[in-house]
Amino acid sequence: MSDQTPSWIAKDCLDVGLFTNQLEDMLTFWQTDVGLPFDHMLPVGGGVRQHRHDFGGAVLKLNHARDPLSPASRGGYLRLIIAKDGQTDIQDLTDPDGNHVRLVPIGQSGVEHWAIEVATASAEAFLTHYHHRLGLPRVPDQVAVRCGRSLIVGIIAPDIADETDSDEMRRTGFRYTTIQVAKVDSLHAQALEQGATEGAPPRTLGKTARISFLKDGHGNWMELSQRASITGSLDPG
């Protein structure tokens, strides 16, 4: 891992989750237009099946919901920027649900892996949560933090920042990010002590993972995941 990666991060990249009702069209877009290889499908309960796609060790979690989803909110996660090997120019795409994707050459605007953009009312609001409460390293001279090779970038947009429909994670669009961590319980408690909002307390999913959810100041969801295949243990201690 990079020297800038905090010791509590167990995987040096960020996962991104989105929800859809249009499975076949979305699979075609993400596999063919974007070029992400399909890994496997994981039933996650509640009528949702997660179609996992690999991007350089990170996972795009395409969650297909059986029941109708509400439309995406104006605020929240705005765009996914993907730095692809062999990409020679900037290419803007929109998936069948209206999610914005930008393909860029590796290194464009400092993106070496991928970056998720999130609406925020101010640089201070963004950095208070992602840098001070979570402890993710700040990118110099940017409203952005680093999670290993991945970036979370704050887009200052006070007119839409609070329009995230934070009480309902299952809507169309980019809805959450996932950080793989060494110990979910301690990091979750630490973030709450620093003023983060709880989305869901830690819980264990069989023998696969121990997870929890936090929200930033605008209600955007982030999953903390202690995955057994990465950490070797689901011990909450």
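Bear in mind these aren't lab numbers, they're just calculated from the coordinates by the rules spelled out. All values reported here derive from a predicted model rather than from experimental measurement. Using ideal geometry, Cβ is built from the backbone for each residue, glycine included, and neighbour counts are taken over all protein chains shown.
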#### Entry: Calculated [θ] (222 nm, deg cm²/dmol) that DSSP helices of n ≥ 4 give over the chain, each run adding -39,500 (n - 2.57)
-2500 deg cm²/dmol
### Message
Can you order the peptides 227-235, 42-50 by their average number of other Cβ atoms within 10 Å per residue, highest first?
### Response
227-235, 42-50
### Task
Check each of the GluC sites (Glu not before Pro) in region 145-215 and keep only those in coil by DSSP with at most 16 other C-beta atoms within 10 angstrom; list them in order.
GLU163, GLU168
### Query
Which of the peptides 57-67, 87-97 is most tightly packed, and how do the rest follow, going by the mean number of other Cβ atoms within 10 Å of each residue?
57-67, 87-97
### Query
Based on the Cβ-Cβ distance of GLN142 and LEU93, what FRET efficiency does E = 1/(1 + (r/R0)^6) give at R0 = 35 Å, to the nearest 0.05?
0.90
### Message
Can you compute 3J(HN,Hα) from phi for each residue in region 5-11, using the Karplus curve 6.51 cos²θ - 1.76 cosθ + 1.60 with θ = phi - 60°, rounded to whole Hz and x for Gly and Pro?
### Response
7, x, 5, 7, 7, 9, 9
### Query
In a shell of Cβ-Cβ distance under 9 Å around GLN226, excluding GLN226 itself, what net charge do Lys and Arg (+1) and Asp and Glu (-1) give?
+1
### Query
Say R0 is 45 Å: what FRET efficiency, to the nearest 0.05, do GLU193 and LEU23 get from their beta-carbon distance?
0.65
### Query
Spin-label point model (7 Å from Cα, Cβ direction): what's the GLU163 to VAL48 distance in nm?
2.3 nm
### Cross-link table LYS84/LYS183; LYS84/LYS215; LYS11/LYS61, entries beyond 22 Å C-alpha to C-alpha
LYS84/LYS183; LYS84/LYS215
### Query
Considering only the chain, what is the antiparallel percent among its DSSP beta bridges, to the nearest 5?
65 percent
### Task
State the extension gain, in nm to one decimal, for the chain segment bounded by LYS207 and ALA228, taking 0.36 nm per residue of separation less the distance between their alpha-carbons.
6.8 nm
#### Entry: Proxy reagent accessibility, fewest Cβ within 10 Å first, across LYS215, LYS207
LYS207, LYS215
## Note on the structure
If HIS100, HIS218 are placed from fewest to most neighbouring beta carbons inside 10 Å, the sequence is HIS100, HIS218
